[in-house]
1. Can you find even one residue in region 201-222 that is hydroxyl-bearing (Ser, Thr, Tyr) and either open to solvent by less than 30 Å² (accessible area, probe 1.4 Å) or within 14 Å of the ligand (Cβ to nearest atom) (or both)?
2. Restricting attention to region 253-267, which residues are open to solvent by 80 Å² or more (accessible area, probe 1.4 Å) and modelled with pLDDT of 90 or more?
3. Among the residues of region 223-235, how many are surrounded by fewer than 20 Cβ atoms within 10 Å (Cβ to Cβ) and either over 13 Å from Ala24 (Cβ atoms) or at pLDDT below 95 (or both)?
4. Report yes if some residue within region 187-200 is more than 24 Å from Gly63 (Cα to Cα), buried (at least 18 other Cβ atoms within 10 Å of the Cβ) and more than 13 Å from the ligand (Cβ to nearest atom); otherwise report no.
5. All but one of (1) under 17 Å from the mean Cα position of the chain (by Cα); (2) open to solvent by 10 Å² or more (accessible area, probe 1.4 Å); (3) away from the ligand (no atom under 12 Å from the Cβ) hold for Pro184, so report the exception by its number.
6. Please specify each residue of region 246-287 satisfying the condition of being among the small types (Gly, Ala, Ser) and assigned to a helix (DSSP H, G or I).
7. Is region 98-105 home to any residue that is over 29 Å from Leu55 (Cβ atoms) and surrounded by fewer than 17 Cβ atoms within 10 Å (Cβ to Cβ)?
8. Among the numbered criteria (1) open to solvent by 20 Å² or more (accessible area, probe 1.4 Å); (2) aliphatic (A, V, I, L, M); (3) more than 27 Å from Phe74 (Cα to Cα); (4) more than 17 Å from the chain's Cα centre (by Cα), which single criterion is violated by Ile250?
Amino acid sequence: MAALAWRVQVLCTNAMADFVTRFAPSPTGRLHLGHAFSALTAFDAARAACGRFLLRIEDLDAGRCRPEFDAAIFEDLAWLGIDWETPVRRQSEHMGAYARVLDDLIARGLVYRDFRTRRELADESQQAPHGPAEVVRGGPAPDEAERLAARQPFAWRLWLDRALDAIDGPLAFDCDGVRTHAEPHRLGDAILARKDFPTSYHLASVHDDALQGVTHVIRGEDLREAAHLHVLLQKLMGWPTPAYRHHALIVGADGKRLAKRDRAATLHALRETGETADAVRRRLGLT
Ligand code: GLU
């Protein structure tokens, strides 16, 4: 028995570097069953592969993130029986790193300033010749110099046409086990840095996955489109491309995707009513 345990440990030691995954919540509310499904799916996959499981706190949005939700993430995950490596990376502590990536993209002419307000974008989209356009494409506005001189705030957008010109080779990646050709135009010229802020979710998340050696990104299918952009960013920055796995989203009784406002489905509320972590696993169809 001891020999078997030793062999399993040796096998796992060798496999560790081959499989690194993460759960990356934002502390903007209490975790709910949807988060539990995501965290447990990634954690179980790491265990099955003798791999590593990381927790990353994506607390970029200072206006929405709260310390009490941050603390609750640790409490809820530990209650689910999940453990993670330390130290835990907190994105708010690494703004300089994200700003450097943005500076690099600016220097290479791969991003442009967008001064438009949400309102202006919505109006433009309504007037688009083919109906409301979901995505923005194009490059800098002709009045950029005046807007800059007037010190108007702006976001940085990826200049997709230039970015696609800047890469060589195919943009292929493993998406749910299928070799897939990335189609980053689905997201248009994505915002890589928000107004008065050196980064966005896309830039910070892709940077951190590379830095932390993540080999498998396991997350909800709502982010499947984003993977196409993330693969392009990796290629532009010379970072490796992980495999992407997407799981179904957990829906509430109304058939709609659970959101942080669904209080009854929070792990905290379930724990208060006496539910156990095993019962949560069963509810989610995880054994
Ligand atoms: N912070 C993101 C969220 O809470 C995570 C996205 C990801 O896993 O890349 O939705």
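The values are calculated or read from the model by the stated rules, or taken from the named source; none is laboratory data. Computed from a predicted structure; not experimentally measured. Here Cβ is always computed from backbone atoms with ideal geometry, including for glycine, and neighbour counts include all displayed protein chains. Just so you know, the surface numbers come from the protein's heavy atoms only, side chains and all, with ligands and any DNA or RNA stripped out. Shrake-Rupley method; radii C 1.70, N 1.55, O 1.52, S 1.80 Å.
1. yes
2. From region 253-267, those open to solvent by 80 Å² or more (accessible area, probe 1.4 Å) are 253-254, 256-257, 261, 263-264; that's our starting set.
None - no residue of region 253-267 is open to solvent by 80 Å² or more (accessible area, probe 1.4 Å) and modelled with pLDDT of 90 or more, so the list stays empty.
3. Residues meeting the conditions: 2.
4. As a first pass, look at region 187-200 and keep what is more than 24 Å from Gly63 (Cα to Cα): 187-189.
Among the residues that remain, those that are also buried (at least 18 other Cβ atoms within 10 Å of the Cβ) are: 187, 189.
The next check asks that each one be more than 13 Å from the ligand (Cβ to nearest atom); those that pass are 187, 189.
There is at least one residue in region 187-200 that is more than 24 Å from Gly63 (Cα to Cα), buried (at least 18 other Cβ atoms within 10 Å of the Cβ) and more than 13 Å from the ligand (Cβ to nearest atom).
5. (2)
6. Filtering region 246-287 down to residues among the small types (Gly, Ala, Ser) leaves 248, 252-253, 255, 259, 264-265, 269, 274, 277, 279, 285.
Residues satisfying the conditions are Ala264, Ala265, Ala269, Ala277, Ala279.
7. Scanning region 98-105, I find no residue that is over 29 Å from Leu55 (Cβ atoms) and surrounded by fewer than 17 Cβ atoms within 10 Å (Cβ to Cβ), so the answer is no.
8. Among (1) open to solvent by 20 Å² or more (accessible area, probe 1.4 Å); (2) aliphatic (A, V, I, L, M); (3) more than 27 Å from Phe74 (Cα to Cα); (4) more than 17 Å from the chain's Cα centre (by Cα), the lone unmet condition for Ile250 is (3).
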